[in-house]
Amino acid sequence: MKKIAILGSTGSIGTQSLEVIAANPDMEATVLAAGSNIVLLEEQVRKFHPKLVCVFDETKARELKGKLADLPVTVTAGMDGLLEAAVYPDTDVVVTAVVGMIGIRPTIAAIKAGKDIALANKETLVTAGHLIMPLVKEYGVRLLPVDSEHSAIFQSLFGEENHRIDKILLTASGGPFRGKTRAQMADIRPEDALKHPNWVMGRKITIDSSTMVNKGLEVMEAKWLFGVTYDQVEVVIQPQSVIHSMVQFEDGAIIAQLGTADMKLPIQLALTYPERRCLSGKRIDFAALGQLTFFAPDFENFPGLAMAYQAGRKGGNMPTIYNAANEKAVARFLDHKLSYPGITDSIAACMEAVSFQEQPSLERILETEQEVYDFLERYWR
Ligand code: NDP
Ligand code: MG
């Protein structure tokens, strides 16, 4: 039996992870954690019978505890509760499906407790990759990518372990605003940006996909996961989202993974690796598809991607500054208090103003996050 903890079980990745668990009789959800959605969490607990549940919001946690009084389940709350969920003894693998850099501490705790990690929460690797990758090695755990592009790269590398990667070709749909200029994007509202052409995802990553910040975060995620340089990660726009990413080797050979836009494939593979299992769902009909098209990314009108390369190359706490600014700005945009171009303008302002530090410790990363938030409060006033 594979025992699984899902941090962020009520979200897009979390609910699809539970679908995978429900379809595989040798998998069990022993731990579930969410932010505040106790209505869905209660349903999940009654269906999957985890031993421990965490609700980050303490008031909601107390409420859920009352509702679950008839079941033998422990309910925890807050960051302490989330850390407890991450290290729960009766789990083998932790699916990190929370959104944002709140995932850093639980991910580190899970690694130190010897858990394998199925990593969806890219913000953690972007901001703390220099701390996490050495820990993965030191504790001998597996860090398995759930992000579809990184799973595609991982799959393209099966059997190629001794071959040097020449280049990673990270594909991107280009989002709903591909082809528009910055001026044409000035009045975009959250409702417009929440419509992704190919994938149904959580709100934050859907906005990130539209600004190309998601691809920027994925460039940094690829650097850490596959040990390449930024010059070796090239973004290719492939609007149909059929090629999930590719690896080019030294002899010019390119290996890719293709498939329909279904996150259950990378989720299941991360949970069954090295085994590949049956997964029902649509298959690609190439004749019906007709064609695949490719474009270069538009760095000028989508500065979020250009700034990600800058932040990644600079290193230190710059990716944290980039990421924290984006998290705060996206939340404000979704709240209708910031314009759409204001998201990337805020990132640029933070990268310019917040103090830089090389090799930040975990404490410094979290302090940088707070410095970014404080700066933005003043910047937006
Ligand atoms: P969602 O917004 O759909 O879900 C986020 C989950 O995190 C929810 O369960 C939410 O709980 C929980 N959460 C939020 N804050 C906390 C907290 N403080 N403590 C505990 N749980 C918390 O996001 P997605 O599923 O879309 O994305 C999750 C991660 O996966 C992100 O990092 C994203 O970039 C990455 N990812 C997502 C993909 C996708 O297809 N969705 C694809 C590739 C990567 P609640 O519901 O109670 O708020
Ligand atoms: Mg992705």
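Where a number appears in this text, it was derived from the coordinates with a stated rule and is not lab data. For clarity, every value in this text was computed on a predicted model and none was experimentally measured. Neighbour counts run over all protein chains shown; Cβ positions are idealised from the backbone, glycine included.
Data table
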{"quantity": "Spin-label pair Glu234/Arg283, simplified geometry with 7 Å Cα→Cβ offset, distance in nm", "calculated": "3.2 nm"}
{"quantity": "Amide H partners (placed H, <5 Å) of Cys54, local residues excluded", "calculated": "Leu32, Ala33, Ala34, Thr76"}
{"quantity": "Rounded to whole Hz, the Karplus (6.51, -1.76, 1.60) HN-Hα couplings of region 200-214, x for glycine and proline", "calculated": "9, 9, x, 5, 5, 5, 5, 5, 4, 5, 6, 8, 6, 5, 4"}
{"quantity": "Karplus (6.51, -1.76, 1.60) ³J(HN,Hα), θ = phi - 60°, over region 72-84, in Hz, Gly and Pro reported as x", "calculated": "x, 10, 8, 10, 10, 9, x, 5, 4, x, 5, 5, 4"}
{"quantity": "Most positive-pole-ward Cα, Ala172, Pro190, Val200, against dipole of region 143-204 from beta carbon charges", "calculated": "Pro190"}
{"quantity": "Label point at Gln357 placed 7 Å out along Cα→Cβ; residues across region 314-334 whose backbone nitrogen lies under 13 Å", "calculated": "316-318, 320-321"}
{"quantity": "Estimated vicinal HN-Hα couplings, Hz - region 325-332 in sequence order (Karplus 6.51, -1.76, 1.60; Gly, Pro = x)", "calculated": "4, 5, 4, 5, 5, 5, 4, 5"}
{"quantity": "Debye intensity ratio in log₁₀ form over the Cα atoms of region 133-172, taken at each q of 0.17, 0.20, 0.25 Å⁻¹", "calculated": "-0.58, -0.77, -1.00"}
{"quantity": "Label-point separation in nm, Arg46 to Arg164, each point 7 Å along Cα→Cβ", "calculated": "5.9 nm"}
{"quantity": "Filter on Lys115/Lys223; Lys51/Lys264; Lys3/Lys223; Lys195/Lys282 - keep pairs with C-alpha separation over 27 Å", "calculated": "Lys3/Lys223"}
{"quantity": "Within straight-line cross-link reach of Lys337, aspartates and glutamates at Cα separation under 20 Å, skipping those fewer than 8 residues along the same chain", "calculated": "Asp187, Glu191, Asp192, Asp208, Glu327, Asp345, Asp374, Glu377"}
{"quantity": "Cα shape, the chain, gyration tensor, a/c 1.5 rule", "calculated": "rounded"}
{"quantity": "The chain: relative contact order in percent, alpha carbon pairs under 8 Å with at least 6 residues between", "calculated": "15 percent"}
{"quantity": "Mean Cα-pair separation over length for region 279-381, i.e. relative contact order, pairs under 8 Å, 6 or more apart, %", "calculated": "28 percent"}
{"quantity": "Length gained when the stretch Arg189-Ala348 is fully extended (0.36 nm per residue, less Cα-Cα span)", "calculated": "55.2 nm"}
{"quantity": "Point-charge dipole on Cβ atoms (K/R +1, D/E -1) for the chain, about Cα centre, debye to 20", "calculated": "540 debye"}
{"quantity": "Cα-based shape type of region 290-365, given that a ≥ b ≥ c are square roots of the gyration tensor eigenvalues and the cut on a/c is 1.5", "calculated": "oblate"}
{"quantity": "Ascending count of other beta-carbon atoms within 10 Å, so fewest first, for Ser339, Ser241, Ser361", "calculated": "Ser361, Ser339, Ser241"}
{"quantity": "For region 95-199, radius of gyration divided by Kirkwood radius, i.e. Rg to Rh on alpha-carbons", "calculated": "1.06"}
{"quantity": "Residue among Asn121, Met79, Ala69 farthest towards the positive dipole end of region 39-142, charges placed on Cβ", "calculated": "Asn121"}
{"quantity": "Anisotropy class of region 196-307 from Cα gyration tensor, a/c 1.5 cut", "calculated": "rounded"}
